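For reference, the structure is listed below as structure tokens.
The values are calculated or read from the model by the stated rules, or taken from the named source; none is laboratory data. This is a predicted model, so every value here is computed, not measured. No Cβ is skipped: glycine too gets one built from the backbone with ideal geometry, and neighbour counts run over all protein chains shown. All accessible areas refer to the heavy atoms of the entire protein, side chains included, with ligands and DNA or RNA removed. Shrake-Rupley method; radii C 1.70, N 1.55, O 1.52, S 1.80 Å.
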Amino acid sequence: MKTYYGHHTSQYGDQKFSSLKEAKHKCNELSYDECAGITLIENLGFELRKGNDLIPSPDNVISYARPGE
């Protein structure tokens with residue numbers, strides 16, 4: 001089952017990034033508590049996400065977990 005992080009980061013909100021590389025770079029600039037992973041919304045882009053709870057995902061949304069610190 002695909003899952004995603006349901007909460008946006010405080011700093012970037014629902015801002016979209018066009019590449020995973022750029023989203024990873026921005027996520028790594030934040031603390032782990034502020035950016036726990038990156039969510040890909042198909043055809044829209046990548047968003048930085050926070051939180052520990054993963055939510056069942058619609059088909060076009062999936063999150064990638066940031067490695068723990």
*(1) hydroxyl-bearing (Ser, Thr, Tyr); (2) open to solvent by 20 Å² or more (accessible area, probe 1.4 Å); (3) under 10 Å from the mean Cα position of the chain (by Cα): which one isn't true of SER57, the others all being true?*
(3)
*Determine, yes or no, whether LEU44 is of a type in the set (A, V, I, L, M, F, W, C), out of contact with any helix residue (DSSP H, G or I) (no Cβ under 9 Å at 6 or more places or on another chain) and open to solvent by less than 60 Å² (accessible area, probe 1.4 Å).*
no
_Residue count for region 1-50, restricted to those that are among the basic types (Lys, Arg), assigned to a loop (DSSP other than H, G, I, E, B) and farther than 13 Å from ALA65 by Cβ_ = 1
_For region 33-69, give me the residue count where each residue is modelled with pLDDT of 90 or more and either basic (Lys, Arg) or over 18 Å from SER19 (Cβ atoms) (or both)._
5
